[in-house]
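Trainee: This is the structure I have questions about; it appears just below.
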Amino acid sequence: MKTVGRLGGWPVRCAAAAFLTAYACNRLAAQVDRTKPPTLPPPPALKLPVIQTATLENGLTLAVVEMHKVPVVDVQVMVDAGAARDLADAPGLATFTAAMLQQGAGTRGALEVADEAAFLGAELNTTASFDGAVASVHVPKRRLDGALDLLADVVLRPAFSDSEVARQRELRGAQLVQQRDEPVAVANIAFPAIVFGAAHPYGHPLNGTDAATAALARQRVVDFYRTYYRPAGARILIVGDVNLAEARRLVAARFGGWERGDVPVFPAAAAPAPAARAVYLIDKPGAAQSVIRIGHVGPPRTTPDWYALDVLNTILGGAFTSRLNQNLRETHGYTYGAFSQFAARRLSGAFVALASVVTAKTDSSLIEFLKELRRIRDEPVPAAELAKAKAYVTLGLPGEFETTSGAAARFRELLAFGLPLDYYDHYIERINAVTADDVQRVARRYIDPDHFDIVVVGDRSQIETGIKALNEGPIMYRDVWGQEIK
Amino acid sequence: MPRNAAVLIALGLLSVGPTIRLPAQSLRVPYQTFTLPNGLQVILHEDHSVPVVAVNTWFHVGSADEQPGRTGFAHLFEHIMFMGSRHVPTGEFDRQLEAAGADNNGSTTEDRTNYYEDGPANALALMLYLDSDRMGFLLPEITPEKVELQRGVVENERRQSYENRPYGLADENILKRLYPSNHPYNWPVIGSMADLEAATIEDVRRFFQTYYTPNNATVAIAGDIAPREARRLAERYFGDIPRGPAVTRTPPPAVRLDADVYATLEDRVQLPRVYHAWHTVKAFADDDATLDVVANVLAGGRSSRLYRRLVYDLQIATDVVAFQDGGRIDGKFELSATARPGHDLAELHRVIDEEVKKLADEGPTPREVERAQNGFEAQFLSRLERVGGFGGKADQLNLYNYFVGTPDYFQKDLDRYRRVTRAAVQRAVRTYLVAPHRVVLSVVPQGKPELAVKAGATP
């Protein structure tokens, strides 16, 4: 085997041939004490990339994070145009508008936009969540100029032609048909519909309904775009092989002319009143597994309790050794994985515990879920378990900033929720300050088994009797949209 | 998150190769390597940009090494590797790593099984301690109960990722028609439920003793390391594991189809989908990279030929996918498209054949080839951002080492794509997609076999 570098001399001592040297190596190795894990040196000092910001004349905020290891750049244009803005009669409008940005822009038609992005080796994405829209490119540094030209066309000069709106509408209609066949997708749509209700900005399907899609007119898209795609509420985050001055020059040349406009305030809907615990059953005949979602409305991302919630969720269902996964997967083998999360949202998000479990163990799985979700409230978390969770969160932090897309995701979170830009400088001390009392306090405050919405997508004929026998609440029957069956 | 039967094939490592016009040394991943007396090869790569370390272990065994009646066993065994070893009680592997801020995972393909730990640089000794304990001292701790438990987990993985997922059983239905029953690629990595049920603790012992030996493994350590110290730790923890018997394999028979094979699978889907599959070439063989470019020209994103025809112009399909999947023993090219409501597979099938024939007759445009090369280049660069995980630098060093015999093959891999010409693309389409026979699998809604593509439907 080829050996280069400083260790060039070593293979003579430990490589295959000589008996004596091999013996020496083995003797050395035989001294290993395997009875306890090695004592580790102290963890490396935290050294995260720094975020710098500038504001352009038209109110647009630019944020830059320099990372020079690999010549790539990640650019994210964040716009305050999320699906919480969807009109009541047009669910799916925000995601549809985001998708339409790429269907012809500037001088290029839809396929030419795609062709140009591919030619540049740029991953071009335009999407919307409930809280905002993002247009992004991830591209080699040497093609950054062209990629930014294309991105500016997509964000500032989308064509929204009639024919492309019609084409996109047809495609989305077909995708909605496909979505019904996918039990996980059905659960992910039904759960928020049930938790938030149709009147709440988070309660409708992100990608709309059949009827709303069929009725989507070009003018709705144009109006939505004109209202919300404005620089005042927008931010451009650039992470990678650039510096601030260069980024500022590149962005000002392309986005400096973005026309100002007042964006309506984000809807401030109150969370719906919690309903009594119930099981919502969505029938999927023949399903090999039941897809389970258990939860209710949670806190907004900006709650001061977020640090304690981070620790709580790591203990409960945020990591492989978390309680839910250890119980449902590693102790019982009911599932390939069981997890939980508090969704990070501008308004109250949702708490959800989730798994796909073998059909025959649906009731047993619900028992274990509810047991763990009650235990985390009723019993203080043991010190070792708390320490493990805090270490996992704090010591793993540097790894999250290793890649440009990873760092972009972390910094985007700060910008999206208006968190302080030095957030991560204090993150570790805040996490380390969380006590067992804190964990129990936020568990009791933000996990409320009396008001769980338990959504199960599975084979009703196989699972209904077992679920009824649990006596954990009435069973309601819902369709694939989470709506009452008429 | 955990322990998936990796289908890295299609989307991941092998189809992602680049073309780049940067200085050659930009793509060097400097490494050092040495082999312990027990045969374990270790590869070291320094990258101090972030204080993290990645330990990535490849065992040169995969589902292709399984015996009849035991499909899925290599992957089940991968799960059992996390169930504790002599000095590491059950559950401690994951707990100790998480308490050190580290993540871990494993995956299995037809050809290899890999495991990684990623975490802060100070956790290296712990990672090697844990990995070496299960390499050296797994067996005494494995009980029938532990096998039973992970059997349940893996069966749920099969349900979640294949049986309860629309079109999820297409792949195994293609494989068993593309390869004869005595060929090691005849069955899917996840295996069959019946075979998973049949696996015994005796199988675990035999498999471990045959394949989980230091001489059948390589360990790559990449990241913020001091090479001398990393070497000392590797020798310390792995040095006393005894060498095992050499692994011998009988080369499988060469395969080809003597006739087109048409098959139908009824599934819980509303929209039918058609799959085409052809035999091609192994990973890194001549034409492997060319076939990646072919896949890109035909169906790589919205600027591809089939997307334009099927999804954009004719609007008869919702999606179209194509990829070259080269393994150690053989390769295949797969192409699939899903019909829109109101359209049938015969329409899709006809257009696919037209476009494939057109590409064979006329070849690609210069822009199409360059565009594909640029895309590969970009993906390649982005992969160099990470030392760990599946597809990070440590994993990639192991991959190149196993498939082509040298860890730092990054630049040469890139060159394969750079060399692809229009003529090569045209010739590859003729050679692999037009001339030979293929498997055509229709996945249709239950009770509607009449929606399948019929034999001889091609003009």
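Bear in mind these aren't lab numbers, they're just calculated from the coordinates by the rules spelled out. The model shown is predicted, which means the values in this text are computed figures rather than measured ones. As a convention, Cβ positions derive from the backbone with ideal geometry for all residues, glycine included, and neighbour counts pool all protein chains shown.
Trainee: Along the charge dipole of the protein assembly as shown, Cβ charges K/R +1 and D/E -1, which of A:321, A:454, A:206 sits furthest on the positive end?
Mentor: After comparing all options, I get A:321.
Trainee: Given points 7 Å out from each Cα along the Cα-Cβ axis, report the residue A:54 to residue A:437 separation in nanometres with one decimal.
Mentor: Modelled inter-label distance: 4.9 nm.
Trainee: Now for a separate question. Which cross-chain or sequence-distant (5 or more) residues have an amide H under 5 Å from the amide H of residue A:72, H modelled 1.01 Å from N in plane?
Mentor: A:141, A:241
Trainee: So, with +1 on the Cβ of K and R and -1 on the Cβ of D and E, and no other charges, what is the size of the charge dipole of the protein assembly as shown about its Cα centre, to the nearest 20 debye?
Mentor: Once rounded to the nearest 20, the dipole reads 1080 debye.
Trainee: Turning to a different aspect of this structure: What are the residues whose amide H is under 5 Å from the amide H of residue A:159, where those residues sit 5 or more places off or on another chain and H is modelled from the backbone?
Mentor: Under 5 Å from the amide H of residue A:159: A:105, A:106.
Trainee: Name the long-range amide H neighbours of residue B:105: under 5 Å, sequence gap of 5 or more, or other chain; modelled H, no Pro or chain starts.
Mentor: Amide H neighbours of residue B:105, under 5 Å, 5+ apart: B:116.
Trainee: Would you kindly derive the ³J(HN,Hα) couplings of segment A:214-222 from the backbone phi angles with the Karplus curve 6.51 cos²θ - 1.76 cosθ + 1.60 (θ = phi - 60°), listing them in order in whole Hz, with x for Gly and Pro?
Mentor: With coefficients 6.51, -1.76 and 1.60, one gets 4, 8, 5, 9, 3, 4, 4, 5, 4 Hz.
Trainee: Let a ≥ b ≥ c be the square roots of the eigenvalues of the Cα gyration tensor of segment A:69-145; is it rounded (a/c under 1.5), or, if not, prolate (a/b larger than b/c) or oblate? Before the final figure, lay out each step's value.
Mentor: Values: a/c = 3.67, a/b = 1.67, b/c = 2.19.
Cα axes put segment A:69-145 in the oblate bin.
Trainee: Right, something else. Starting at the first residue of segment B:295-312, write each ³J(HN,Hα) from the Karplus equation 6.51 cos²θ - 1.76 cosθ + 1.60 with θ = phi - 60°, in whole Hz, x for Gly and Pro.
Mentor: 4, 5, 5, 6, 8, x, x, 6, 9, 7, 5, 6, 4, 4, 5, 7, 9, 8
Trainee: Return the calculated 222 nm mean residue ellipticity for the protein assembly as shown, to the nearest 500 deg cm²/dmol, obtained by summing -39500 (n - 2.57) across DSSP H runs with n ≥ 4 and dividing by the residue count.
Mentor: It lands at -11500 deg cm²/dmol.
Trainee: Counting alpha carbon pairs within less than 8 Å and at least 6 residues apart, what relative contact order, in whole percent, applies to segment A:51-255?
Mentor: 38
Trainee: Then there is this: So, in nm, how far is label residue B:256 from label residue A:425 when the simple model puts each one 7 Å beyond its Cα toward the Cβ?
Mentor: 6.9
Trainee: Let me ask something else. Per-residue HN-Hα couplings for segment B:169-186, Karplus 6.51 cos²θ - 1.76 cosθ + 1.60 at θ = phi - 60°, whole Hz, x for Gly and Pro?
Mentor: 9, 4, 4, 5, 6, 6, 4, 6, 9, 7, 10, x, 5, 8, 9, x, 9, 6
Trainee: Order by neighbour count: A:419, A:281, A:312, fewest other Cβ atoms within 10 Å first, most last.
Mentor: A:419, A:281, A:312
Trainee: Past 30 Å, Cα to Cα: identify those pairs from A:468/B:146; A:284/B:357; B:176/B:282; A:47/B:393, in the order given. Could you put the intermediate results ahead of the total?
Mentor: On the way: A:468/B:146 32 Å; A:284/B:357 41 Å; B:176/B:282 18 Å; A:47/B:393 21 Å.
From the list (A:468/B:146; A:284/B:357; B:176/B:282; A:47/B:393), the Cα-Cα distance tops 30 Å for A:468/B:146; A:284/B:357.
Trainee: Relative contact order, percent, of chain A when contacts are C-alpha pairs under 8 Å separated by at least 6 residues? Could you put the intermediate results ahead of the total?
Mentor: Working: 872 pairs, mean separation 95.1, N = 486.
That works out to 20 percent.
Trainee: If the label point is 7 Å along Cα→Cβ of residue B:67, which residues in segment B:200-216 have backbone nitrogen under 14 Å from it?
Mentor: Within reach of a label on residue B:67: B:200-211.
Trainee: Set the Förster distance to 30 Å, then compute FRET efficiency between residue A:262 and residue A:374 from the Cβ-Cβ distance, nearest 0.05.
Mentor: Values: r = 48 Å, r/R0 = 1.59.
Given R0 = 30 Å and the Cβ-Cβ separation, E is 0.05.
Trainee: Hey, what angle do you get for helix B:144-158 against the long axis of chain B, alpha-carbon based, 0 to 90 degrees rounded to 10?
Mentor: That helix lies at roughly 30 degrees to the long axis.
Trainee: First check a/c for chain A, with a ≥ b ≥ c the square roots of the eigenvalues of its C-alpha gyration tensor; if it is under 1.5, answer rounded, and if not, answer prolate when a/b is larger than b/c or oblate otherwise.
Mentor: Note, shape of chain A comes out oblate.
Trainee: Also, quick follow-up: Around residue A:279, under 9 Å between beta carbons, what's the net of Lys plus Arg minus Asp minus Glu among the other residues?
Mentor: 0
Trainee: What dipole magnitude, in Debye to the nearest 20, does segment A:131-208 give about its Cα centre under +1 on Lys/Arg Cβ and -1 on Asp/Glu Cβ?
Mentor: Around 160 debye, computed over segment A:131-208.
Trainee: Additional query: Only Lys, Arg, Asp and Glu count, each charged at its Cβ (+1, +1, -1, -1), so figure out the dipole size of segment A:243-401 about its Cα centre, rounded to 20 debye. Intermediate values should be presented prior to the final figure.
Mentor: Working: 19 positive and 14 negative charges, 44 e Å.
The dipole magnitude comes to about 200 debye.
Trainee: Once the other residues with Cβ under 15 Å from the Cβ of residue B:444 are scored (Lys, Arg +1; Asp, Glu -1), what is the net sum?
Mentor: Local net charge: -1.
Trainee: On C-alpha positions alone, give me the angle between the axis of helix B:201-211 and the longest principal axis of chain B, in degrees, nearest 10.
Mentor: Roughly 90 degrees between the two axes.
Trainee: Further question on the same structure: Return a whole-number percent for the relative contact order of chain B, with Cα pairs under 8 Å and 6 or more residues apart as the contact set.
Mentor: Averaging sequence separation for qualifying contacts and normalising by length gives 25 percent for chain B.
Trainee: Towards the positive end of the charge dipole of segment A:299-383, with charges on Cβ (+1 Lys, Arg; -1 Asp, Glu), say which of A:307, A:350, A:369 has the farthest Cα.
Mentor: Farthest towards the positive end: A:350.
Trainee: For segment A:160-215, rounded, prolate or oblate, judged on the Cα gyration tensor with a ≥ b ≥ c (square roots of eigenvalues), a/c < 1.5 rounded, else prolate if a/b > b/c?
Mentor: Verdict is oblate for segment A:160-215.
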